[in-house]
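Visitor: So that we are looking at the same thing, I have put the structure below in structure tokens.
The values are calculated or read from the model by the stated rules, or taken from the named source; none is laboratory data. All values derive from a computational prediction rather than experimental measurement. Methodologically, a virtual Cβ is constructed for each residue, glycine included, from the backbone with ideal geometry; neighbour enumeration extends over all protein chains shown.
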Amino acid sequence: MKVRKARTRSVNKKPAPRRSNARVSRLEREVRTLKENYEQLCDNMGFVVPINSLAPEPFRLKRTIHIVVRPSDGEFTALLVDANLAMSGETIDDAVEGLKMTMVDTRDFYEKNESILAPGPARQLAVLRELIERRS
């Protein structure tokens, strides 16, 4: 009696399609959520812009200052945090230039009205005096 050798086939075991599809769908949802969260985080992040000059204004900077620029509803907002000043613009340059003008105008106005300033504006004036001075 001859014994026949059984043929063996290599069997590729695949996970059940339902389980695999459900896992892929879950991973796709997680990736979508992470992407949305990342985009929101990027939209809310600011960056620092150094300012070296106020030209052509009649003031000059005593030192380089750093302002924060943040995207905001399709525009940009430039902030000088220490002086509690901010300005918005359609572009980064518009926001920064607007803030520079606001710094000059605020210092000039507060100096002319220093005797009647409330504590908040008086503090802003003190900060602006540390940062900018009139040209000689």
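Visitor: Out of Met87, Met101, report the one residue that is within 23 Å of Ser72 (Cα to Cα) and outside any strand (DSSP E or B). First the steps, then the outcome.
Guide: Values: Met87 fails: outside any strand (DSSP E or B).
Testing whether each residue is within 23 Å of Ser72 (Cα to Cα) and outside any strand (DSSP E or B) leaves just Met101.
Visitor: Here's another thing I want to ask about it. Looking at the structure I just gave you, is Val49 crowded, with 16+ Cβ neighbours inside 10 Å, part of a strand (DSSP E or B) and in contact (Cβ under 8 Å) with a residue 40 or more places away in the chain?
Guide: Numbers: crowded, with 16+ Cβ neighbours inside 10 Å: yes; part of a strand (DSSP E or B): yes; in contact (Cβ under 8 Å) with a residue 40 or more places away in the chain: yes.
The answer is yes for Val49.
Visitor: Right, next: Would the stretch 88-109 turn up any residue that is at pLDDT below 90 and either among the acidic types (Asp, Glu) or out of contact with any Asp or Glu (no Cβ under 7 Å at 6 or more places or on another chain) (or both)?
Guide: Start the filter on the stretch 88-109 by keeping residues that are at pLDDT below 90, which leaves none.
No - not one qualifying residue is present in the stretch 88-109.
Visitor: Would you confirm whether any residue within the stretch 57-73 is in a loop (DSSP other than H, G, I, E, B), in the same structural domain as Gly98 (by TED's automatic domain parsing), at pLDDT 85 or above and β-branched (Val, Ile, Thr)?
Guide: Pass one, the stretch 57-73, residues in a loop (DSSP other than H, G, I, E, B): 57-58, 62-64, 73.
From what's left, in the same structural domain as Gly98 (by TED's automatic domain parsing): 57-58, 62-64, 73.
From the residues that got through so far, the ones that are at pLDDT 85 or above too are 57-58, 62-64.
Restricting the remaining residues to those that are β-branched (Val, Ile, Thr) gives 64.
Yes, the stretch 57-73 contains at least one residue that is in a loop (DSSP other than H, G, I, E, B), in the same structural domain as Gly98 (by TED's automatic domain parsing), at pLDDT 85 or above and β-branched (Val, Ile, Thr).
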